[in-house]
Every structure is written in structure tokens, then in C-alpha cells.
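Inspection log for the structure reproduced underneath, given as C-alpha cells.
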Amino acid sequence: DTGVSQNPRHKITKRGQNVTFRCDPISEHNRLYWYRQTLGQGPEFLTYFQNEAQLEKSRLLSDRFSAERPKGSFSTLEIQRTEQGDSAMYLCASSLVGEGEQYFGPGTRLTVT
Amino acid sequence: GQQVMQIPQYQHVQEGEDFTTYCNSSTTLSNIQWYKQRPGGHPVFLIQLVKSGEVKKQKRLTFQFGEAKKNSSLHITATQTTDVGTYFCAVTNTGNQFYFGTGTSLTVIP
């Protein structure tokens, strides 16, 4: 297993378009997290899954954001009607329940023009 | 959400000098994690602290969790150029949702 992978690595889109990112966690990890990171800031929690269940979602997260993990393996994060303020690095991390250590993927850098 | 303050924001040191970053919370924490992010990279897990007053060492790195479980520190002895990066603490009071600090960016001058 080569760790957490994310696709695409970069995405440039025009304002108002929808985008979808994919995260493939480490295969035996049952927890999957999505974070957003902007320059000079720490990762900001967006949501997390345990297996296929979405257990928590940030109250700050707009309704334009939705995430799924249909079979408890890979996950997708969709942003509808993108805005320039959505430009950021979107990071995915996975872990095992009870162990805490999160393994991060390389991220998807989104630029909204 | 959880408020976590991390200081300093930036630190420049000469190679060989020591470095310390601090993470402070207004509430009692379940545990705290520390991550390192190299420029252009993604966060990499360093350590998790769970017990009050816990101290853990990894070679030149020493991590400490406060007695009240509201603060933590990361100390690097005799910095090297490979220590360059941003160090983040990540806190939780539930064990599920993690809140990252703003990080301390370390520059090591050769």
C-alpha cells in the first residue's frame, strides 16, 4: 500500500462550476477525514467518515459542499457553484479507529478563477 | 469550534540552536497530536499525547502535555536544516474531530 492518494492534484475551474475530488485512503483504515488548508493556516476540519457513515460535519461548511464514502473505501468531495473563496488545498487523511494517527494525502489544490 | 492558539507564528534559528513551539487551549483536551509539514508538502504525524503531564522523546524532539491537559509544547534540541517546516498541533476533546493550530514556521539558518 502506498499511502493516501488524492486526485486530481490540481484543479482550475471557473466560478460557478462544480468540482469533485477523490480520496483513496490506506486500505484498512476505517476513518477518513477531509480538511481544507489555505496559505499560512493549519488544516481546517470539514467532515469525517467512519466506514461509510458521515459522523461529523463542520458547522462552518456551506451547503454547497457534500462528501460521500459509499462503500467505506474511497471518498469524494463535491463543491457546487464554486466561489473564489473556495480556492485552497483540500486534504484527505485516514486513520484507524482508536489509534488517532492521521495519514494525509498530497492534497488537491483548487483554484477558482 | 475548538480554539487553539499556537505560538510563535514564525521562528528563525541558527543551525544548532534550540527551538520550542507552544500550543494552548482554553478547554481540557482529550489528546493532542503534533504534525510537521515541509514546504509544499502535506502534514506528517509526529506524536500523540494522551496522559496529563506526559513527556515523550523522539531523538532530538521532546513533546510535553500539560498537567491540566490544556497545553503542550514541542522542543527541538540542536536544530538541523532538515527540521525546516511548519509544526502544527491538532487538538480534540472528543477523539473524533481535530482542530489544528495555525502552526509555527521554523527556518533554520545554516
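The values are calculated or read from the model by the stated rules, or taken from the named source; none is laboratory data. Nothing here was measured: the structure is a model prediction, and the numbers come from that model. Please note: Cβ atoms are built from the backbone with ideal geometry, for glycine as well, and neighbour counts cover all protein chains shown.
Give me the residue from region B:91-108 that is buried (at least 18 other Cβ atoms within 10 Å of the Cβ) and within 11 Å of the chain's Cα centre (by Cα) and, out of that set, modelled with the lowest pLDDT.
By that ranking, first place goes to B:91.
Of B:8, B:39, B:43, which residue is facing chain A (nearest Cβ under 9 Å) and either in contact with a strand residue (DSSP E or B) (Cβ under 8 Å, 6 or more places away or on another chain) or closer than 20 Å to residue B:59 by Cβ (or both)?
B:43
Being of a type in the set (Gly, Ala, Ser) and surrounded by 14 or more Cβ atoms within 10 Å (Cβ to Cβ) is the filter here; which residues of region A:74-95 pass it?
Those that are of a type in the set (Gly, Ala, Ser) and surrounded by 14 or more Cβ atoms within 10 Å (Cβ to Cβ): A:75, A:87, A:88, A:93, A:94, A:95.
If a residue has to be touching a strand residue (DSSP E or B) at 6+ places or on another chain (Cβ under 7 Å) and free of Cβ contacts under 8 Å to residues at least 60 places away in the same chain to count, how many in region A:71-88 make the cut? Talk me through it step by step, then tell me what you get.
Just the residues of region A:71-88 that are touching a strand residue (DSSP E or B) at 6+ places or on another chain (Cβ under 7 Å), to begin with: A:74-79, A:82-84, A:86-88.
Going one step further and asking which of them are free of Cβ contacts under 8 Å to residues at least 60 places away in the same chain, we end up with A:74-77, A:86-88.
Qualifying residue count, region A:71-88: 7.
Can you tell me which residues in region B:88-110 are within 29 Å of residue A:96 (Cα to Cα) and assigned to a strand (DSSP E or B)?
B:88, B:89, B:90, B:91, B:92, B:99, B:100, B:104, B:105
So which of A:105, A:98 ends up being buried (at least 16 other Cβ atoms within 10 Å of the Cβ) and closer than 23 Å to residue B:90 by Cα? If you could, list the steps in order and put the result at the bottom.
Working: A:98 fails: buried (at least 16 other Cβ atoms within 10 Å of the Cβ).
After ruling out the rest, the residue left standing is A:105.
Please note which strands (runs of 3 or more DSSP E) are completely contained in region A:26-70 and include at least 1 residues that are under 11 Å from the mean Cα position of the chain (by Cα) and without any contact (Cβ under 8 Å) to a residue 40 or more places away in the chain.
Strands (runs of 3 or more DSSP E) meeting the threshold: A:44-50, A:65-68.
Looking at the structure I just gave you, is residue A:102 in contact (Cβ under 8 Å) with a residue 40 or more places away in the chain, polar (S, T, N, Q) and more than 11 Å from chain B (Cβ to nearest Cβ)?
No: the conditions fail for residue A:102.
Hey, any hits in region B:49-66 for a residue that's modelled with pLDDT of 95 or more, out of contact with any Lys or Arg (no Cβ under 8 Å at 6 or more places or on another chain), crowded, with 20+ Cβ neighbours inside 10 Å and of a type in the set (Phe, Trp, Tyr)?
Looking for residues that are modelled with pLDDT of 95 or more, out of contact with any Lys or Arg (no Cβ under 8 Å at 6 or more places or on another chain), crowded, with 20+ Cβ neighbours inside 10 Å and of a type in the set (Phe, Trp, Tyr), one finds none in region B:49-66, hence no.
Determine which single condition residue B:45 fails, assuming it passes every other condition in (1) without any contact (Cβ under 8 Å) to a residue 40 or more places away in the chain; (2) over 14 Å from the mean Cα position of the chain (by Cα); (3) closer than 27 Å to residue A:3 by Cα.
The one condition residue B:45 does not meet is (2).
Restricting attention to region A:60-77, does a residue exist that is within 14 Å of chain B (Cβ to nearest Cβ), out of contact with any Asp or Glu (no Cβ under 6 Å at 6 or more places or on another chain) and at pLDDT below 95?
Yes: region A:60-77 contains one or more residues that are within 14 Å of chain B (Cβ to nearest Cβ), out of contact with any Asp or Glu (no Cβ under 6 Å at 6 or more places or on another chain) and at pLDDT below 95.
What are the residues in region A:1-25 that are assigned to a loop (DSSP other than H, G, I, E, B) and either crowded, with 20+ Cβ neighbours inside 10 Å or within 14 Å of the chain's Cα centre (by Cα) (or both), if any?
A:4, A:8, A:9, A:25
Could you check, for region B:71-87, whether at least one of its residues is more than 14 Å from chain A (Cβ to nearest Cβ), in a strand (DSSP E or B) and over 30 Å from residue A:60 (Cα atoms)?
Checking region B:71-87: at least one residue is more than 14 Å from chain A (Cβ to nearest Cβ), in a strand (DSSP E or B) and over 30 Å from residue A:60 (Cα atoms).
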